[in-house]
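Beneath this line is the structure, given in structure tokens, with notes to follow.
The values are calculated or read from the model by the stated rules, or taken from the named source; none is laboratory data. Quantities reported herein were computed from a predicted structural model and do not represent experimental measurements. Counting neighbours? That spans all protein chains shown, and the Cβs are built from the backbone with ideal geometry, glycine included.
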Amino acid sequence: MRTRVFTILTIVALASCTPPTPTPTPEVAPASSSLIAPVKAPIETNIIFGPESAEISAIQLSILEALSQRAKEADVQTIEVIGHTDTLGTANANQALSERRALSVVNALEANGVPLAKISPSGRGESEPLLDTGDGVREIRNNRVTVTIRYTNTPPTQ
């Protein structure tokens, strides 16, 4: 009997309590889509060349054709085209070869409708190898042109 009275009193006490009023959540205005644009990371691709050559192979040309579609987007700010070589040959010859490779890629991009005004070509010779080797070493991975597409809202590189 005692438990039953306690249960009834508990129910009556709970029923007479007023529930707490919920705290209103502050309204936050939605962010304007014109103020916040999604950040686009740069796109970087290596175009590989044969030894001592500035000729673009058919496979690499198909990669450039696909890359050209991205390079023609309205929010592209710059397209860096940087030629590289391995360490086979003299530094002067490799510098000239890296510049010819960069020019080959620029010509292919232009042929695919990419505006020249957005392209920034240069040659680095053997100074920035992808894979460090000794002097006079043929390394196919170093025979490349690096193409980097940067968008208007791409964060700067550190």
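The single condition from (1) polar (S, T, N, Q); (2) surrounded by 14 or more Cβ atoms within 10 Å (Cβ to Cβ); (3) farther than 14 Å from Ile43 by Cβ that Ser62 fails is (2). Within the stretch 85-110, residues that are on the phi < 0 side of the Ramachandran plot sit with their Cβ atoms under 7 Å from residues that are in a helix (DSSP H, G or I) and not aliphatic (A, V, I, L, M), at 6+ positions apart or across chains, in these pairs: Thr85/Asn94; Thr85/Ser98; Thr85/Asn142; Asp86/Asn142; Leu109/Ser68. Do we have Ala74 as free of Cβ contacts under 8 Å to residues at least 24 places away in the same chain and part of a loop (DSSP other than H, G, I, E, B) here? Yes: the conditions hold for Ala74. Can you confirm whether Ala15 is at pLDDT below 55 and either surrounded by 10 or more Cβ atoms within 10 Å (Cβ to Cβ) or hydrophobic (A, V, I, L, M, F, W, C) (or both)? Yes.
Hey, any hits in the stretch 19-38 for a residue that's at pLDDT 80 or above and surrounded by 11 or more Cβ atoms within 10 Å (Cβ to Cβ)? No: zero hits.
Of the residues screened, Leu130 is not one that is out of contact with any His (no Cβ under 9 Å at 6 or more places or on another chain) and either crowded, with 17+ Cβ neighbours inside 10 Å or of a type in the set (A, V, I, L, M) (or both).
Considering Ile82, Ile63, the condition of being within 20 Å of the chain's Cα centre (by Cα) and in a strand (DSSP E or B) is satisfied by Ile82 alone. Residue count for the stretch 45-59, restricted to those that are surrounded by fewer than 19 Cβ atoms within 10 Å (Cβ to Cβ) and more than 15 Å from the chain's Cα centre (by Cα): 9.
For (1) touching a helix residue (DSSP H, G or I) at 6+ places or on another chain (Cβ under 6 Å); (2) among the small types (Gly, Ala, Ser); (3) at pLDDT below 95; (4) closer than 30 Å to Val39 by Cβ, each residue gets a yes or a no:
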position	(1), (2), (3), (4)
Ser57	no, yes, no, no
Leu64	yes, no, no, yes
Val81	yes, no, no, yes
Ser98	no, yes, no, no
Ala108	yes, yes, no, yes
Val114	yes, no, no, yes
Gly134	no, yes, yes, no
Thr148	no, no, no, yes
Pro155	no, no, yes, yes
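Within the stretch 131-156, the set of residues being under 18 Å from the mean Cα position of the chain (by Cα), in a loop (DSSP other than H, G, I, E, B) and in contact (Cβ under 8 Å) with a residue 60 or more places away in the chain comprises Thr152, Asn153, Thr154, Pro155. Taking the stretch 86-100 as the range and being surrounded by 20 or more Cβ atoms within 10 Å (Cβ to Cβ), in a helix (DSSP H, G or I) and not hydroxyl-bearing (Ser, Thr, Tyr) as the test, the residues that pass are Asn94, Leu97. The set of residues from the stretch 101-117 being surrounded by 16 or more Cβ atoms within 10 Å (Cβ to Cβ) and part of a helix (DSSP H, G or I) comprises Arg101, Ala102, Leu103, Ser104, Val105, Val106, Ala108, Leu109.
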